[in-house]
Amino acid sequence: MPFELTIVTPEGEAYQGTVDGIVLPGTEGEFGVLANHERFLSPLKIGALEIQTADGPVYAAITDGFAEVSGSEVTVLVDSCEMQHEIDSAHADAEFLAAEQALERAAGDDPERYRHFESALERARSRVEVSRKKPG
């Protein structure tokens, strides 16, 4: 039984449609949502999101945020969301290498600065992961 999914960023709606399910990167691990799921609010971490549609899976790279789940709809609120078709694979690979090198150089730096580079590496990693998934 399908339900409505809306992914919202500060720039507006990144995705809106009727879906069969979704797999989200929760802070406590990945979790799936199907229609008529129990209501809850969950924090999300940077990672890959899988949208299950009648035409096959659709993937996106998201940053941290929240998912609000109710029986007939899911709303995902994140700072950014890049759909798979929007990600240039070669650029994502280069960005990952640059983020990895920046993190290595930041080792021993101020902990806050180091966390910033860790976060950049996680974003780059999720973009690479999503760009390499087989589209539906």
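Every number in this text was worked out from the coordinates using simple rules, so none of it is lab data. The shown structure was predicted, so the numbers you read here are calculated from the model rather than taken from an experiment. Cβ coordinates were reconstructed from backbone atoms using ideal geometry, including for glycine residues, and neighbour counts include every protein chain displayed.
Go through segment 75-95 and give me each residue that's β-branched (Val, Ile, Thr) and assigned to a strand (DSSP E or B). First the steps, then the outcome.
In the first step, residues of segment 75-95 are kept if they are β-branched (Val, Ile, Thr); the result is 75-76, 78, 87.
Residues satisfying the conditions are Thr75, Val76, Val78.
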*Answer yes if at least one residue in segment 64-80 is more than 19 Å from Ser119 (Cβ to Cβ), surrounded by fewer than 13 Cβ atoms within 10 Å (Cβ to Cβ) and hydrophobic (A, V, I, L, M, F, W, C), and no otherwise.*
no
*Using the structure shown, decide if Arg127 is in a helix (DSSP H, G or I) and within 19 Å of Val8 (Cβ to Cβ).*
no
_Take the residues in segment 45-74 that are in a strand (DSSP E or B) and of a type in the set (S, T, N, Q); name whichever of them is nearest to Val23 (Cα to Cα)._
Gln52
_Selection from segment 41-70 of residues that are within 17 Å of Glu13 (Cβ to Cβ), in contact with an Asp or Glu (Cβ under 8 Å, 6 or more places away or on another chain) and among the charged types (D, E, K, R)_ = none
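Among the residues in segment 100-120, are any in contact with a strand residue (DSSP E or B) (Cβ under 9 Å, 6 or more places away or on another chain) and surrounded by 15 or more Cβ atoms within 10 Å (Cβ to Cβ)?
Narrowing segment 100-120 to residues in contact with a strand residue (DSSP E or B) (Cβ under 9 Å, 6 or more places away or on another chain): none.
Scanning segment 100-120, I find no residue that is in contact with a strand residue (DSSP E or B) (Cβ under 9 Å, 6 or more places away or on another chain) and surrounded by 15 or more Cβ atoms within 10 Å (Cβ to Cβ), so the answer is no.
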_Top-ranked residue of segment 19-44 - restricted to ones that are within 15 Å of the chain's Cα centre (by Cα) and in a loop (DSSP other than H, G, I, E, B), ranked as surrounded by the fewest Cβ atoms within 10 Å (Cβ to Cβ)_ = Glu28
*Can you tell me which residue within segment 96-114, out of those that are over 29 Å from Tyr15 (Cα atoms), in a helix (DSSP H, G or I) and of a type outside the set (A, V, I, L, M), is nearest to the chain's Cα centre (by Cα)?*
Glu100
